[in-house]
1. Estimate the FRET efficiency between Glu142 and Lys108 by the formula 1/(1 + (r/R0)^6), using the beta-carbon distance for r and 22 Å for R0, to the nearest 0.05.
2. Would you list, by chain and number, the lysines whose Cα falls below 30 Å from the Cα of Lys53, excluding same-chain residues fewer than 8 positions away?
3. Could you pull out every one of the lysines with an alpha carbon less than 25 Å from that of Lys133, ignoring same-chain neighbours closer than 8 positions?
4. What lysines sit close enough to Lys195 to cross-link, taking a C-alpha to C-alpha distance under 22 Å and skipping anything fewer than 8 places away on the same chain?
5. At a 10 angstrom cut-off on C-beta neighbours, averaged per residue, how do the peptides 145-154, 37-46, 74-83 rank from highest to lowest?
6. Net charge within 12 Å of Ile87 by Cβ-Cβ distance, Lys/Arg positive one each and Asp/Glu negative one each, not counting Ile87 itself?
7. Just subtract the alpha-carbon distance of His134 and Phe36 from 0.36 nm times their residue separation and send over the number in nm, one decimal.
8. Could you go through segment 28-41 in sequence order and give the Karplus-derived ³J(HN,Hα) for each residue, using 6.51 cos²θ - 1.76 cosθ + 1.60 with θ = phi - 60°, rounded to whole Hz, and x for Gly and Pro?
Amino acid sequence: MSDENRTPADPTDVAAETTAAAGEAPAATEDLAAQFAAEKEQLEAEIATLKDKFLRAFAEADNVRRRAEREVADAKVYGITGFARDILNVADDFERALGAIDDEARAKAEGVLKTVLDGIDITSRALTQTLSKHGVARIEAEGSKFDPNLHQAMFEVPNAELPSGTVVQVIQPGYKIGERVLRPALVGVSKGGPKAAPAETPAAEG
């Protein structure tokens, strides 16, 4: 068929097709942008979720690490608590043995008796040093204010010259291991005197 016999395109149809194609392009672009926005929002939500899980896992791992370090530190300090408590009975025996002989008799002791007393004294000091080396310290109670966390009152002693609640006699020494009380001191406390002054509270700064 020759070019002369072709039917010319209707200008109206061409214009309609061009307009339709022009209208479809922005619509397709908008759909694609909406799809990207939805995917972006979904990915950001997943990232936030993963970040939250990571931070929680990191915090939990850090707590486990701190707890393990604390348990190891406590084990080093307090692992001998039971043994140390039993050893205190030996320290008490040494103290009772030395206390059974007054200062005058000890000063006059000679020969074997003096040797035995010196040996008991040296061994007692060595035991105290060993306990101290492992964090066991004696509670210095006499003359201090009664503290139920450190002392156990066995009796009261009337004394108007001392503030009430002052430790005036130690029946059995107390000991601490680290920051914990290994054994409270058994004490006698005064009564009848003026009330003990309350502990001073540090003034607020500023």
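1. Taking R0 as 22 Å, the efficiency between Glu142 and Lys108 is 0.20.
2. Candidates past the 8-residue exclusion: Lys40.
3. Straight-distance partners of Lys133: Lys76, Lys176.
4. Lys145
5. 145-154, 74-83, 37-46
6. Charge balance near Ile87 sits at -1.
7. Computed gain between His134 and Phe36 is 28.5 nm.
8. Computed from phi, the couplings for segment 28-41 are 5, 5, 5, 4, 5, 5, 5, 5, 5, 4, 5, 5, 4, 4 Hz.
The numbers here are math on the coordinates, done by the rules we state, and not lab data. Just so it is clear, the model here is predicted, and its values are computed rather than measured. Positions of Cβ are backbone-derived with ideal geometry, glycine not excepted, and every protein chain shown enters the neighbour counts.
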